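See structure below.
Values quoted throughout were computed directly from the atomic coordinates according to the rules given, and no laboratory measurement underlies them. These figures come from a predicted structure and were not determined experimentally. Positions of Cβ are backbone-derived with ideal geometry, glycine not excepted, and every protein chain shown enters the neighbour counts.
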Amino acid sequence: MTAVSLHARAWGEPGALSPVLLVHATGETSADWDRVATLLGRDRLVVAVDLRGHGASPWPGRYPLTELADDVEAVAAGLAARHGRPLDLVGHSLGGLVACLLASRRPDLVRRLVLEDVPVPHPREPRPPERPEGDLAFDWEAVLQVRAQVDDPDPGWPDVVATVRAPTLVVWGGPSSPMPAEHVAEMAETVADGRLVRIDAGHLVHAGQPVAFSVAVRGFLASSD
């Protein structure tokens, strides 16, 4: 299927630093990044997308993770071409899996990668979520399809993660996160150049601790190791 054109929001201005692309979790939108994007955008361009099925992006009814990555790849390629350099990619939960797929397939586009509370996917017992009442800012079908792909993941995920060459910061939300600690640590251990940092905020690290999260990300993006 052809990639869909994603809605995006921008903060900051282009400058000497690589642009940052933010990719949200299931059931969120680009607006979820507002506080962090404002902090990161003090000295660089920051762009956040609405994934397909979310916010102002198209809701096509199909949500394979590979196609979500196709959509984000189109945005990343455009940013890299306009600014003449690879970008820094930040993904939370679902957005982190999409970011892994993109970094694996297009190492030329990704300078550094940040994964917020993202484990290597392993099979788990399905627990179908209940749809919230009222109108939603996302397609409920996207939640169901993504959940199915995470509960029963492609067995090739460890190979995908192992081919990520960009220096990678994995941010774990601490013991209150529902993500298995050993699988989050596995992510940092499996990428070619990974490191793990703990910020005790649960699964929503950037929302619960936006300043600490932004400081960790800015430090990582600025480091030379």
### Query
Antiparallel DSSP bridges in the chain: what percent, to the nearest 5?
20
### Intensity falloff of region 1-106 expressed as log10 I(q)/I(0), Debye formula with alpha-carbon point scatterers, at q = 0.10, 0.13, 0.14, 0.20 Å⁻¹
-0.24, -0.41, -0.47, -0.98
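As an exercise, identify the GluC sites (Glu not before Pro) in region 95-161 lying in DSSP coil whose Cβ has no more than 13 other Cβ atoms within 10 Å.
GLU130, GLU133
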### Task
Mind checking the full-extension length gain between ASP200 and GLU141? Use 0.36 nm per residue of separation minus the Cα-Cα distance, one decimal, nm.
18.1 nm
### Query
For LEU21, which sequence-distant residues (separation of 5 or more, or a different chain) have an amide H within less than 5 Å of its own amide H, given hydrogens modelled in the peptide plane?
VAL47, ASP88, LEU89, VAL90
### Task
Under a 10 Å cutoff between Cα atoms, tell me which one of PRO121, PRO60, PRO210 has the largest fluctuation in the Gaussian network model of the chain.
PRO60
